[in-house]
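What follows is a single structure, written as structure tokens, with notes after it.
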Amino acid sequence: MEVSNSRSPSWFGIFGRLEWSLLLASVGLVLIGAAFIYSATSSRLSIEATSWFQERYVNQFLAAGLGLVLAVVISLIDYRIIARWSMALYWLAIGCLLLVFAMEPVAGVQRWIPLGVINFQPSEFAKLALILLLAHFLCRSGLDLRDPVVFVKALGLMLLPFALILIEPDLGSAVVLLPISFAMMFVAGIPRRNLLRVIGVGALLLGLTIVDILFAPENLQLIRLKDHQQYRLRVYFGFDGAGADATPEERRRAERDFRKWSYNVDQALISVGSGGLTGKGWRQGTQNVWGYLPRGVAHNDFIFSVIAEEKGFLGSLVVLVLYGIVIFGGIRVAVEARDPLGKVIAVGVATFWFSHIFINIGMNIKLMPVTGLPLPLLSDGGSSVLCFLLSIGLLENIYLHRRSY
């Protein structure tokens with residue numbers, strides 16, 4: 001009697017085929033993030049009576065736990081099935097982005113939808129929805145990617161969430177959509193000349209915008225930004241806004257405002273530099289403990305500065321290595337993907353991670369203007385943590401289904 005060797009894949013077989021380096025690097029980043037969120041808020045905990053389950057590091061763990069479960073679930077559903085629902089997910093994200101404008105502003109911006117004890121940030125999930133829909137659109141069979149109409153449609157898919165996020169305003173999240181979309185279009189096969197033309201026009205408009213904001217008289221400015229956005233650009237370019245004909249009083253006021261708006265990034269740079277090789281020790285960073293690095297931003301926008309001060313160059317290097325594992329793991333997944341759809345999704349996810357990392361660390365060391373963009377899995381924020389872990393689930397999905405079994 002013959003016994004068939006064909007068997008359904010066991011759970012052990014499925015988990016054995018996962019790309020474990022991606023999962024382990026993600027878990028490592030979650031643990032580091034929670035530890036340094038605790039460190040960044042520990043001085044506040046000592047003077048405020050707050051229940052443990054309300055603390056930011058606990059919420060970070062809860063969001064990460066949910067994110068890891070969802071990542072595993074998503075990795076088991078063929079990504080081609082998920083892509084078929086990308087249009088619905090995209091318009092759901094657009095609907096949520098519109099809904100935030102009906103919410104009460106928080107700190108002068110409209111980015112969140114309150115859901116009881118948590119705040120949901122649609123712009124984070126709009127990035128993943130765009131990745132899925134853009135990949136699904138670009139990889140349709142019979143599509144002529146050389147047709148300029150196809151390129152214009154792809155740009156339209158990106159520009160709608162870009163505009164809505166920009167209006168919130170959330171410049172950092174809006175900007176991230178650009179490299180994600182262009183990288184995906186390039187890998188999918190959109191002609192390079194089309195991409196270069198749009199990038200060239202965009203760079204020219206960006207340059208003119210910066211000149212308008214920094215040098216045009218306020219009553220003649222064509223583009224009006226929020227005060228904090230305008231001052232962040234001035235800080236980045238080292239321009240205090242005082243004209244050549246400014247009075248001594250106007251010049252003093254301009255210098256005072258400049259020091260005020262540059263304070264956070266100056267203290268972040270001091271934190272990074274003062275950590276040395278091995279750092280001052282966990283919860284021993286003077287910039288953090290004594291509040292020179294403002295406590296309102298230390299646990300989110302400037303979490304890298306806290307890590308660099310307390311664990312030094314070596315601790316920062318560990319973080320960069322873990323990020324490198326994720327990004328190069330995403331590239332490997334793209335190379336080994338079974339079809340163009342998986343390849344383009346993986347490239348979108350890898351670019352998504354890289355853009356956040358480059359911009360956030362860049363603003364911590366004054367290479368980029370401050371935008372409020374979270375550092376993946378390290379910055380405090382449940383929506384961000386969920387989104388990045390879901391993207392890991394997508395990469396695992398593509399890797400798991402890279403062959404037919």
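The values are calculated or read from the model by the stated rules, or taken from the named source; none is laboratory data. Note that this is a predicted model, so its numbers are computed, not measured. Cβ sites come from the backbone with ideal geometry, for glycine too, and all protein chains shown count toward neighbours.
Conditions tested, residue by residue: (1) small (G, A, S); (2) crowded, with 24+ Cβ neighbours inside 10 Å.
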site: I327; (1), (2): no, no
site: A334; (1), (2): yes, no
site: D339; (1), (2): no, no
site: V349; (1), (2): no, yes
site: T371; (1), (2): no, no
site: D380; (1), (2): no, yes
site: F388; (1), (2): no, yes
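What do you reckon, is G281 within 17 Å of I32 (Cα to Cα) and free of Cβ contacts under 8 Å to residues at least 60 places away in the same chain? Spelling it out, G281 is indeed within 17 Å of I32 (Cα to Cα) and free of Cβ contacts under 8 Å to residues at least 60 places away in the same chain.
Per this entry, G238 is not counted among residues that are among the small types (G, A, S), touching a Pro at 6+ places or on another chain (Cβ under 9 Å) and either surrounded by fewer than 17 Cβ atoms within 10 Å (Cβ to Cβ) or farther than 25 Å from L367 by Cα (or both).
The residue that is surrounded by the fewest Cβ atoms within 10 Å (Cβ to Cβ), among those in the stretch 268-289 that are over 25 Å from Y236 (Cβ atoms) and among the β-branched types (V, I, T), is T278.
Matching residues to (1) in contact (Cβ under 8 Å) with a residue 24 or more places away in the chain; (2) assigned to a loop (DSSP other than H, G, I, E, B); (3) of a type outside the set (V, I, T):
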residue: I94; (1), (2), (3): yes, no, no
residue: L97; (1), (2), (3): yes, no, yes
residue: R111; (1), (2), (3): yes, yes, yes
residue: A126; (1), (2), (3): yes, no, yes
residue: I131; (1), (2), (3): yes, no, no
residue: V150; (1), (2), (3): yes, no, no
residue: A154; (1), (2), (3): yes, no, yes
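Summed over the stretch 343-374, the residues that are within 17 Å of H401 (Cα to Cα) and modelled with pLDDT under 95 give a count of 0.
No other residue among V265, V321, V297, V306 is β-branched (V, I, T), under 24 Å from the mean Cα position of the chain (by Cα) and crowded, with 24+ Cβ neighbours inside 10 Å apart from V306.
Among the residues here, I77 qualifies as β-branched (V, I, T), assigned to a loop (DSSP other than H, G, I, E, B) and modelled with pLDDT of 85 or more. Just one of the listed residues (A129, A154, A135, A174) is at pLDDT 95 or above and under 27 Å from M368 (Cα atoms), namely A129. Close Cβ contacts (under 6 Å, 6 or more residues apart or on different chains) running from residues in the stretch 328-342 that are more than 11 Å from A188 (Cα to Cα) to residues that are among the aromatic types (F, W, Y) comprise V333/Y399.
Residues checked against (1) over 25 Å from F125 (Cα atoms); (2) outside any helix (DSSP H, G or I); (3) hydroxyl-bearing (S, T, Y):
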residue	(1), (2), (3)
I307	yes, no, no
K311	yes, no, no
G330	no, no, no
R338	yes, yes, no
V344	no, no, no
M368	no, yes, no
G372	no, yes, no
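Annotation: F61 fulfils all but one of (1) at pLDDT 90 or above; (2) more than 19 Å from the chain's Cα centre (by Cα); the unmet one is (2).
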